[in-house]
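Working notes, structure below.
What follows draws every value from the coordinates through simple rules; no lab data is involved. This one's a predicted model, so the numbers in the text were calculated from it and none came from an experiment. With ideal geometry, Cβ positions are generated from the backbone for all residues, glycine too; neighbour counts draw on all protein chains shown.
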Amino acid sequence: MNRIVFVIFIAAVLLLSGCVSEEVRELQEVEIREYQGENLSSIGDFRENSIKGPQYIDIENYSLEITGLVENTKSLSYDEVLNRQKYSKLVTLFCVEGWNAKILWEGILLKDLLNEAGIKPEANTVIFYAYDGYSTSLPLDYIIGNDIIMAHKMNGVVMPSERGFPFELVAEEKWGYKWIKWITKIELSNDPEYRGYWEQRGYSNNGDLDKSFVG
Ligand SMILES: Nc1nc2c(c(=O)[nH]1)N[C@H]1C(S)=C(S)[C@@H](COP(=O)(O)O)O[C@H]1N2
Ligand SMILES: [Mo]
């Protein structure tokens, strides 16, 4: 008798645990706020100061263009962009307005994308364009030499629209205005003097964090 009760008990436990584990569904990813002993900022800590306010990109109709001084022009869907090795980096964004945010970024290496398209030897500058008409540029050497990534996740969650979904440039060691959000086009160029949105309005073209952004 005892044995039967025991067997029923075990069967019930197995059944229940089966049900419970089937019930567990991950509804949303939870933001990471600590990484290797360091506290992170929150994706809610950013100030909204984009030139035209937040952009809401319809991902079904989204494509990322790779153009200019490349062997093969590319037009990639969101999934096609993400269909390669991901990398993460802990980097702090500093805005010229005096605030900052330390975030664990995750995304893809720009040099992987560019090498796939084939970098022409004359190229020395990478110009980025965004959905809101914003643009900025950075030296090709900087992008390649520093393993610069284009992020689709922040603190382990998919980047919110307000923060730059689908992709934001993680321009480490550069002021926030180089961290272009809502990227739609990457152009390889041989014009190191190209000036983006804020650069045309007086911000420094190199955007180095250790220098003043004016002048
Ligand atoms: N497309 C686009 N990217 C942009 C901007 C913008 O106006 N449009 N603003 C830049 C600036 S000045 C900063 S500081 C960072 C972070 O801005 P956020 O706090 O609005 O996310 O985004 C940068 N990327
Ligand atoms: Mo900024």
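For this structure, a couple of remarks:
- Peptides ranked, highest mean first, by Cβ atoms within 10 Å: ranges 173-181, 113-121, 131-139, 63-71: 173-181, 131-139, 63-71, 113-121
- Over the chain: helical MRE at 222 nm, DSSP H runs n ≥ 4 each giving -39500 (n - 2.57), nearest 500: -5500 deg cm²/dmol
- Electrostatic tally near residue 111: other residues with Cβ closer than 13 Å to its Cβ, Lys and Arg +1, Asp and Glu -1, net -3.
- The angle between the Cα long axis of helix 2-23 and the longest principal axis of the Cα atoms of the chain comes to about 20 degrees, rounded to the nearest 10.
- Put simply, when 198-206, 122-130, 75-83 are sorted by average Cβ atoms within 10 angstrom per residue, most first, you get 122-130, 198-206, 75-83.
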